[in-house]
Amino acid sequence: MEKRKSTKKTIRPSKCFNYFTKIVLGSFLRVRYRIQIIDPEKVRKRKGPFILVANHVNFWDPFMIDTLIRPPLQFVTSDNIFRGTVFRILMKLYGSIPKTKFMPDPSSAGNLLRVLHNGGVVGIYPEGRRTWDGDTIELIPDVSRLLYRLKIPVAAVIIDGGYLSKPRWGHSFRKGRVTITFSTLLETETYSQYDQQSLHSLLTHTINHSDTDSQKKDPVPYRGKKPAEYLEQLIFLCPECKSFGTMYSENDMLSCTHCGYQLRYDEYGFFHLIQGTQDFESPRDLNNKQLDLLRNIIKDHDEKETLFSDGQLTIYTGYRAEPLIYFGRGRAEFFLDRIVVHIVDGSGEDQIREFSVPDIQGINVQNKEKLEFYYNWVLYRFDFENPRISSYKWFKTVQLVQELRQRGNA
């Protein structure tokens, strides 16, 4: 019986577009970010097929890496970027592989395999999302499982200074220095030295990086306007009075409007205590403290009482890379077992929609800090109109409630 050939096409980048961006965009990024390159093994000149893994610190880091290596680099990219017409065209020119974050996506795996089969180079961020505080996030186990199954050569990239140049929570650029280090992580023949668990440990150790720790060893100033502004997108819980949503940033200061707690954020990425008793070295350390506080608050909180709420909310629905559809506008309340959304429709009475927290899937914060999650296989996007409202707060609270419930502690 004749074997039927696959009709699925391999995603291919535009060679002319890639050549153009390597020259024009590459020159711009090298100057703007003062990029320094470390590549003792000449990874940048290597031909495919291979997979390149990197820490994710900055919106521009996939473009930085692509402009620095010889072959076109096809990153596995969140499918939300494909929803807009302009970005969909650009991502197709780059040959990007769309992937629904933290949800099963067989089409993404199939596209990745076809690119590698045709000698391409695939870029993967094992964290699955950009860092909020400059430290590498826990890696997704699916990535090491994929590598162990494919046994394909792997190169690694570590980006130092990318977070401090443009923190995820920040709206302004800071001029400093970005160092990009290339290395060979795995060759086909070296897989025999690892089982799946030890391979995951190797990947974790390789990708692990902290801009805060790097600054302690070799301090570099990152100068820009209003360096602390919008830090409340990350720091949503006052460490002094434990109030939600009372942190406010202005210029280089982060303060609590409830108790007066105040920190100054300097050009090296470190805090200086101005008022209060809780002293922290960096946003990383303060974030770790607030997450510990949040765990304890969740454990002690009454399910019948609202934990926090935010208004000025616009909700959209969709599915994967399809364009979003307007759903409603109103406010949202977080209870430990559910999110309650009050939609204002102009009739004088709220429409109420509830989402069971244990049943929420694929929750993440997308570009421009929009909260997205799947519920009953429908995508919901929460768009908070006030840019100082923390989507990270909603994301981490859902994540911690689900984690504690699985452990039987909530």
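The values are calculated or read from the model by the stated rules, or taken from the named source; none is laboratory data. Quick caveat: nothing in here was measured; it's all calculated off a predicted structure. Cβ atoms come from the backbone with ideal geometry, glycine included; neighbour counts cover every protein chain shown. The area values use the complete protein model at the heavy-atom level, side chains included, leaving out ligands, DNA and RNA. Shrake-Rupley method; radii C 1.70, N 1.55, O 1.52, S 1.80 Å.
Residue under question is VAL115, and the condition is that it be more than 23 Å from ARG284 (Cβ to Cβ) and either in contact with a Phe, Trp or Tyr (Cβ under 8 Å, 6 or more places away or on another chain) or at pLDDT below 95 (or both); does it hold? So VAL115 does not fit the description; no.
Of all residues in segment 1-43, those being among the aliphatic types (A, V, I, L, M) and at pLDDT below 95 number 1.
Taking the condition touching a residue at least 24 places away in the same chain (Cβ under 8 Å), assigned to a helix (DSSP H, G or I), more than 17 Å from HIS205 (Cα to Cα) and open to solvent by 20 Å² or more (accessible area, probe 1.4 Å), does LEU112 pass? No. A single entry from GLN312, GLN262 fulfils the requirement of being more than 27 Å from LEU164 (Cβ to Cβ) and over 23 Å from the mean Cα position of the chain (by Cα): GLN312. Among residues of segment 373-410 being basic (Lys, Arg) and touching a Phe, Trp or Tyr at 6+ places or on another chain (Cβ under 7 Å), the one that is least open to solvent (accessible area, probe 1.4 Å) is LYS393.
Taking segment 352-372 as the range and being hydrophobic (A, V, I, L, M, F, W, C) and either open to solvent by less than 10 Å² (accessible area, probe 1.4 Å) or under 20 Å from the mean Cα position of the chain (by Cα) (or both) as the test, the residues that pass are PHE355, VAL357, ILE360, ILE363, VAL365, LEU371.
Quick one: in segment 273-294, of everything that is outside any helix (DSSP H, G or I) and open to solvent by 70 Å² or more (accessible area, probe 1.4 Å), which residue is farthest from LEU231 (Cα to Cα)? Of everything passing the filter in segment 273-294, THR277 is farthest from LEU231 (Cα to Cα). Restricting segment 341-351 to residues that are farther than 13 Å from TRP394 by Cβ and surrounded by 11 or more Cβ atoms within 10 Å (Cβ to Cβ), which is modelled with the lowest pLDDT? It comes out as ASP345. Of the set (1) open to solvent by less than 70 Å² (accessible area, probe 1.4 Å); (2) of a type outside the set (Asp, Glu); (3) in a loop (DSSP other than H, G, I, E, B), all apply to PRO323 but (1). What number of residues within segment 24-55 are in a loop (DSSP other than H, G, I, E, B), buried (at least 22 other Cβ atoms within 10 Å of the Cβ) and not polar (S, T, N, Q)? Residues in segment 24-55 being in a loop (DSSP other than H, G, I, E, B), buried (at least 22 other Cβ atoms within 10 Å of the Cβ) and not polar (S, T, N, Q): 1 in total. Restricting attention to segment 130-188, and to residues there that are among the polar types (S, T, N, Q) and in a strand (DSSP E or B), which single residue is nearest to ASN367 (Cα to Cα)? My answer is THR179.
Do we have ARG12 as part of a loop (DSSP other than H, G, I, E, B) and among the basic types (Lys, Arg) here? In short, yes.
Anything in segment 259-272 that is crowded, with 17+ Cβ neighbours inside 10 Å, part of a loop (DSSP other than H, G, I, E, B) and among the hydrophobic types (A, V, I, L, M, F, W, C)? List them, or say none. Passing the criteria: only PHE270.
ASP135 - would you say it is open to solvent by less than 40 Å² (accessible area, probe 1.4 Å) and among the charged types (D, E, K, R)? It is true that ASP135 is open to solvent by less than 40 Å² (accessible area, probe 1.4 Å) and among the charged types (D, E, K, R).
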